[in-house]
Amino acid sequence: MKPIQVGLLGFGTVGGGTFQVLARNQDDISRRAGRGIEVRAVCRRDLAAARAAVGEGVRVVADPMAIVNDPEIDIVVELIGGEGVAKDVVMAAIDAGKHVVTANKALLAVHGNEVFAAAHAKGVMVAFEAAVAGGIPIIKALRESLAGNRIEWVAGIINGTTNFILSEMRAKGLDFDSVLKEAQRLGYAEADPSFDVDGIDAAHKLTLLASIAFGVPVQFDKAHVEGLRGLSSLDIKYAEQLGYRIKLLGITRRRDELGGIELRVHPTLIPTQRLIANVEGAMNAVMVQADAAGTTLYYGKGAGAEPTASSVVADLVDVTRLATADPDHRVPHLAFQPDRLDGSLRILPMSGVRSSYYLRLRVADETGVLSRITTILAENDISIDAVLQRESLEGERQTDLIILTHTTVEEKMDRALEFMQSLPSVLAPIARIRKEDLA
Ligand code: HSE
């Protein structure tokens, strides 16, 4: 059979990796797919660089629409990223009846409902394993391998840049700003790091995982997103003394009693004995709690040329295998059949989220402070789990008071924090970090 024809849009790190993996493993790949997978064209602004990388025999173009409009191309691989040109070319490719493979989490988290509806109407596939956690096959695991389960929650370290920063802060006792600078110097963090450090990239990925886990439309705009700015290395140190690591977690959890699901990204204390707490450096990991399988954990590289290419090529193989199948009998984009997505399962507001908490209060070392603080917690129905206070340093007359609470509701904690913050003996903004046992 004639090899399936692929056009690569965006020929940077991942595009180059995809080209190399396809070339290197072409025998195995075509034996798995049932036919060859051939790159017919690549699109890159720098034509000379693209030509040098692909050699002769592959079309090199600078205009993405030249690939979208090429009638010979069956699958468009979108590796441009972002929501601008990428969205236009993905929609145009679908409109032209081409299948799409993409690593673009921002596009799908924000416009996924529109993209998937268009693809469904046209009977084409949009495959996106590479959009979440790079080389970890988490989309396939959730969508196919766990299809017999009721998913309870998913919690993941799904941004390598922030995990690298947290690991360095802990290992070297450095503050956020200096580690970020070092990460930028080493190429782990972008010159504009906001997508990563503000939690947006993780929230894009979590949005997709939540839709697949619970069969809801993608709703990035309802996610609660907190990043790492403002996190003190003091909190990492105190958390460690109490037996916890701090990770930037994306958490989505079913809350049947409220008829909704939680969707949140924020720094989180995790007991050190959990495997996921020990995922260090730029690595990613996703934990899934499911009723039949129990807890499963998926670990690997969340970025990089070949790990991400591994997922892109797996999607190319999938699309090649299924291209001739009746569209209604392919694996649905978001795991659930499109007419069975549950719009009534709402994304819960943060005020209703249940969590336990780590609090650090900088307090005056004077009579009655601890009692006033514990009274406020008790009045707001918040039970204390542990307290840590070191003696104030000589001549300091102030100290850090660390409190771990039992599980409560976010709105009660918000109220208690407001009262505590207004006490004259509380000398600085209170640090509040949510804590998850993940058991
Ligand atoms: N910037 C992402 C990360 C990789 O740091 O994990 C691509 O999603």
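In table form, for the structure just shown:
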read-out: GLY260 being more than 15 Å from ALA439 (Cα to Cα), open to solvent by 10 Å² or more (accessible area, probe 1.4 Å) and over 15 Å from the mean Cα position of the chain (by Cα); value: no
read-out: Of residues in region 21-50 being loosely packed, with under 15 Cβ neighbours inside 10 Å and over 23 Å from LYS2 (Cβ atoms), the one farthest from the chain's Cα centre (by Cα); value: ALA48
read-out: Total residues in region 174-192, condition within 12 Å of the ligand (Cβ to nearest atom) and crowded, with 20+ Cβ neighbours inside 10 Å; value: 3
read-out: Some residue of region 346-353 being over 23 Å from the mean Cα position of the chain (by Cα) and part of a loop (DSSP other than H, G, I, E, B); value: no
read-out: Pair list, Cβ under 7 Å, 6 or more apart: region 200-220 residue assigned to a helix (DSSP H, G or I), other residue away from the ligand (no atom under 13 Å from the Cβ) and charged (D, E, K, R); value: ILE212/ARG143; PHE214/ARG254
read-out: Every residue from region 380-416 that is acidic (Asp, Glu) and surrounded by 12 or more Cβ atoms within 10 Å (Cβ to Cβ); value: ASP385, ASP400, GLU410, GLU411, ASP414
read-out: ALA309, sole failed condition from (1) open to solvent by 10 Å² or more (accessible area, probe 1.4 Å); (2) among the small types (Gly, Ala, Ser); (3) within 16 Å of the ligand (Cβ to nearest atom); value: (1)
read-out: Residues of region 147-163 satisfying the condition of being more than 8 Å from the ligand (Cβ to nearest atom) and either of a type in the set (Lys, Arg) or open to solvent by 10 Å² or more (accessible area, probe 1.4 Å) (or both); value: ALA147, GLY148, ASN149, ARG150, GLU152, TRP153
read-out: Wholly within region 74-158, strands (runs of 3 or more DSSP E) carrying at least 3 residues that are in contact (Cβ under 8 Å) with a residue 40 or more places away in the chain; value: 75-78, 151-157
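The values are calculated or read from the model by the stated rules, or taken from the named source; none is laboratory data. Note that the coordinates shown come from a computational prediction; the quantities given were computed from them, not determined experimentally. Cβ atoms come from the backbone with ideal geometry, glycine included; neighbour counts cover every protein chain shown. Quick note on the areas: whole protein, heavy atoms, side chains included, nothing else; ligands and nucleic acids left out. Shrake-Rupley method; radii C 1.70, N 1.55, O 1.52, S 1.80 Å.
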